[in-house]
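What follows is a set of notes on a single structure, which appears directly below.
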Amino acid sequence: MVHLLDVSRAHVWGEAMTHATTCPGCGRGTAPGAAFCSTCGAALEAGATTVTLPRQPDGAPPPAAQTVPLAERPTDRRATVPRWGSGRDLTRYLCAAAYLDRAYAGSLIKQVAAEPHLGVAAAPACDIPVVLRHAYLANARRHSRDLVLAVLFVLAFVFTFVVGDGRITLLALFLSWVTVFSFELSTKYGRHLQSLRPDRFDPAAAPPPLNNDISTRLRQIGDYADGNVTTYSGYSPFIGYGTELDSWSLTFDVTTSSRPEGEPEEFDVTELYAHIAERVGTLALPCLEIEERLFTDGSTLLGDTRFLPDPLGRPVSRIPFAQMDTLKRTPEEGARPYLAVHSTGWGGELVTSLFLRFVRSDSNLFVEAVPTVLFPLLDRYRIIDTLMPRPAVGELAKLVSETAVSTFFILLASPVRAIAGFAPDSGISRRRRRQHKLITRLRHFDYGARQSVRREAAAKHHQRHFQKADSGMVLKTVEKRVLDALVEFAEARGIDVGELIQRQQTIINNGIIASHGSRVDSSAVASGDRSRTAMNIIHKIPLLKLD
């Protein structure tokens, strides 16, 4: 994304001086009066570095407008890959989750890393290969523990039911507890989890892959981070982007002219995508990212070489821009492009997105908007920030009591887990054979991603009031700009916007403003004599349900 500062707008005539603010975090220019840097998302303080423009002499004409580039323009705006702000802490927390949560680490390997044919869901602000490397190591450590426990289980079983020596049985149980206690202690205070502390974490120092096959798959998975295609499975195409909120859509006639004489100008729908992206891109929101993304149905890809060159491989992670433009003009049932607007805050943990799609027919334009919110991580995965380098006495006592209760159940499960652990990819060979039959014989296979690394560790709702407020601010600000830009685009081409405004009023009516004791039980009807519905479309936007 390119950020430009219009110097001519920064002048105030007479005795006043105007300052063009630069971000203290990244050093790039920001819009005058902005609360956040649009590049790194940092809050702008009053004391930020400024550039003072000289006062013009009395009567002097204003200087010619100048546009000062603050970053080099890429060859194509759409070539910019979302940076998601600073996702270092988020990756660190997810790596810690792999050590602390056996079920989470196992699902990452089974549903993401070990799958040779599935697409990879988006994981905003997260380095997926790094998390998967730690997940493999965490599972390898658990397998080593389970092997020791399995041997002790066999000893306890034999000396209890065959030999009948209770002393050996008690010794085996004691050694089992020691094994479990040592494992938990080394997990929390050993070098692996301690290396994830804020002052020690280094993504480049992630554990190496266990073998070449895993290394190859991790490289393939890493390619999706720079891609513009999401292959989904099931109902929702927006896998990885959180919870879908109330969507809205509208249709209006683009053949009616606003001029007494003449016809409205023809336009290509790609021009509308570019106009909306340009207008939304000027907003000063935290870590604002704009991308064009194609969502493809994984069950429709077999035989389509555009998105699946090799039936025994993975779906493509990126398509050319020309192909994206073609799909904008002629969308397909299983492949639909969207303009995605993302705003990342709270250290990369809160991602608010709005997905926009425009479909032009002979006489109408259809507009679809789907808002999503990816909530912050569960609090239990942040324990790495509160762990001391050495356990306190109280923490040791708590760990002793917890492991004393859990050891018996872990011991019972250890034989099965020890056997299953010899296949680090959770039975990948058997699954590959079954998938191969589905692909080559039945010619029916769903290549869509089943799980999102990021969303599986996220909470189901906002964890702070201000997080909810920030999501609402982003969605309302972006939607207002989108609605304004639609009107601007139509007016510039001589299209009558009366019907468009009426459709916008319908959207506004879905969020009723009731006052003075009125009660609203329907999303589209206001009751009470003193109720009213905001109808100023240019300055109001739909009120959205954020939870």
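I'd like to verify a number: residues in the range 397-413 that are surrounded by 13 or more Cβ atoms within 10 Å (Cβ to Cβ), hydrophobic (A, V, I, L, M, F, W, C) and within 16 Å of SER186 (Cα to Cα), how many? The number of residues fulfilling the criteria is 2.
Condition check ((1) in contact with a Cys (Cβ under 6 Å, 6 or more places away or on another chain); (2) at pLDDT below 90; (3) under 30 Å from LEU475 (Cβ atoms)) across all residues:
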{"position": "PHE355", "(1), (2), (3)": "no, no, yes"}
{"position": "VAL370", "(1), (2), (3)": "no, no, yes"}
{"position": "LEU374", "(1), (2), (3)": "no, no, yes"}
{"position": "ARG380", "(1), (2), (3)": "no, yes, yes"}
{"position": "THR386", "(1), (2), (3)": "no, yes, no"}
{"position": "SER426", "(1), (2), (3)": "no, yes, no"}
{"position": "ASP446", "(1), (2), (3)": "no, no, no"}
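Picking from residues in the range 462-500 that are in a helix (DSSP H, G or I) and β-branched (Val, Ile, Thr), the one that is surrounded by the fewest Cβ atoms within 10 Å (Cβ to Cβ) is VAL487.
Against the numbered list (1) modelled with pLDDT of 90 or more; (2) surrounded by fewer than 19 Cβ atoms within 10 Å (Cβ to Cβ); (3) closer than 30 Å to GLU115 by Cα, GLU278 comes up short only at (3).
Can you tell me which residue among PRO260, PRO208, PRO203, PRO198 is assigned by TED's automatic domain parsing to the domain that holds VAL453, loosely packed, with under 14 Cβ neighbours inside 10 Å and either out of contact with any Lys or Arg (no Cβ under 9 Å at 6 or more places or on another chain) or farther than 23 Å from PHE422 by Cα (or both)?
On the way: PRO260 fails: assigned by TED's automatic domain parsing to the domain that holds VAL453; PRO208 fails: either out of contact with any Lys or Arg (no Cβ under 9 Å at 6 or more places or on another chain) or farther than 23 Å from PHE422 by Cα (or both); PRO203 fails: loosely packed, with under 14 Cβ neighbours inside 10 Å.
Among PRO260, PRO208, PRO203, PRO198, only PRO198 is assigned by TED's automatic domain parsing to the domain that holds VAL453, loosely packed, with under 14 Cβ neighbours inside 10 Å and either out of contact with any Lys or Arg (no Cβ under 9 Å at 6 or more places or on another chain) or farther than 23 Å from PHE422 by Cα (or both).
VAL280 satisfies every condition listed in (1) touching a residue at least 12 places away in the same chain (Cβ under 8 Å); (2) farther than 13 Å from VAL341 by Cα except (2). Out of the residues in the range 96-130 meeting the condition of being β-branched (Val, Ile, Thr) and assigned to a helix (DSSP H, G or I), tell me which one is farthest from GLN451 (Cα to Cα). Here the answer is VAL130. Of all residues in the range 211-253, those satisfying the criterion of being under 22 Å from the mean Cα position of the chain (by Cα), buried (at least 17 other Cβ atoms within 10 Å of the Cβ) and closer than 16 Å to ALA135 by Cα are ARG217, LEU218, ILE221. When ARG430 is tested against the conditions (1) over 21 Å from SER299 (Cα atoms); (2) in contact (Cβ under 8 Å) with a residue 40 or more places away in the chain, the lone failure is (2). Entry remark, the range 414-424: residues being exposed (fewer than 14 other Cβ atoms within 10 Å of the Cβ) and at pLDDT 85 or above number 2 in total.
Find all pairs meeting these conditions: Cβ atoms under 6 angstrom apart; at least six residues apart or on different chains; first residue within the range 118-135 and at positive phi and crowded, with 23+ Cβ neighbours inside 10 Å; second residue of a type outside the set (Phe, Trp, Tyr) and in a helix (DSSP H, G or I). Final answer for the pair search is ALA125/LEU90. Regarding VAL453, is this residue among the hydrophobic types (A, V, I, L, M, F, W, C), modelled with pLDDT of 90 or more and either out of contact with any Pro (no Cβ under 7 Å at 6 or more places or on another chain) or within 30 Å of THR296 (Cβ to Cβ) (or both)? So VAL453 fails the test.
The set of residues from the range 307-348 being among the hydrophobic types (A, V, I, L, M, F, W, C), closer than 29 Å to SER361 by Cβ and under 17 Å from the mean Cα position of the chain (by Cα) comprises LEU339, ALA340, VAL341.
In this entry, ILE538 is excluded by the filter for residues that are more than 19 Å from the chain's Cα centre (by Cα), modelled with pLDDT under 90, among the β-branched types (Val, Ile, Thr) and surrounded by 17 or more Cβ atoms within 10 Å (Cβ to Cβ). Against the numbered list (1) closer than 26 Å to HIS117 by Cα; (2) not assigned by TED's automatic domain parsing to the domain that holds GLU395, TRP248 comes up short only at (1). For beta carbons closer than 6 Å, sequence separation of 6+ or different chains, a first residue in the range 232-250 that is among the aliphatic types (A, V, I, L, M) and a second that is modelled with pLDDT of 90 or more and not in a loop (DSSP other than H, G, I, E, B), the qualifying pairs are ILE239/TYR232; ILE239/ALA449; LEU245/PRO371; LEU250/VAL367.
The values are calculated or read from the model by the stated rules, or taken from the named source; none is laboratory data. Values in this document were obtained by computation on a predicted structure and should not be read as measured data. We place every Cβ from the backbone using ideal geometry, glycine too, and count neighbours over all the protein chains shown.
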